[in-house]
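Every number here is computed from the coordinates shown, using simple stated rules; none is lab data. Since this is a predicted model, take the numbers as computed values, not measurements. Backbone-built Cβ (ideal geometry, glycine too); neighbour counts: all protein chains shown.
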Amino acid sequence: MLPASRPLLLMGVTLLLVACATPRYETVTRFEPPTDAAGVACLRRCEASLDACRADCLAAWQRCTAALESQVDARYAQALKAYAEELRQYRLDLDRYEWDMWFGWGRGPWDLWYSPWSYRPWPMYVPTTMAPRDPPSREAVRDSLFKSQCEGDCGCQLKYGDCFQACGGRLVSETRCVANCPADK
């Protein structure tokens, strides 16, 4: 009877997971431009201002990254040194765990018939450090340094939105369902 109930259990769990999927929504802002000639001329000035803002922002970001380029190698060397230390500590923990198991100070197959209160000279050692993930790459260190020190967003889009509204345009925010949408009634 047990093997026959497994497919039913699997199907029940699958249906439960599908039923628990929550809808995901996204807010989108739609720009409705003004219709009069003065508003359209004003929008052209706003777009020119947006282009100038983006160009200035890109130039500032390029200056910042060029100034920080000399620090990348030093940061990369620090990251490699930290990774080597984490790896060394992990290896030490594994060695100690291996010695505990080799001497029988840890748990072994004999624990099945010995009492839990049986004598052990030392408590079992359990490694406390996790294995380091991957060694850092120079590009990842470089990108992290640039992201933390250089401003990537200058607020150009917000300024454009204010200018757009000042010219008589409208910003309409809509919330749309993009995944796991409920059926419309």
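Here is how the numbers come out for the structure above:
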quantity	calculated
Residue within the stretch 83-105 that is closer than 28 Å to ALA140 by Cα, touching a helix residue (DSSP H, G or I) at 6+ places or on another chain (Cβ under 9 Å), among the hydroxyl-bearing types (Ser, Thr, Tyr) and surrounded by 13 or more Cβ atoms within 10 Å (Cβ to Cβ) present	no
Test: ALA41 is of a type in the set (A, V, I, L, M, F, W, C) and under 30 Å from ASP134 (Cα atoms)	no
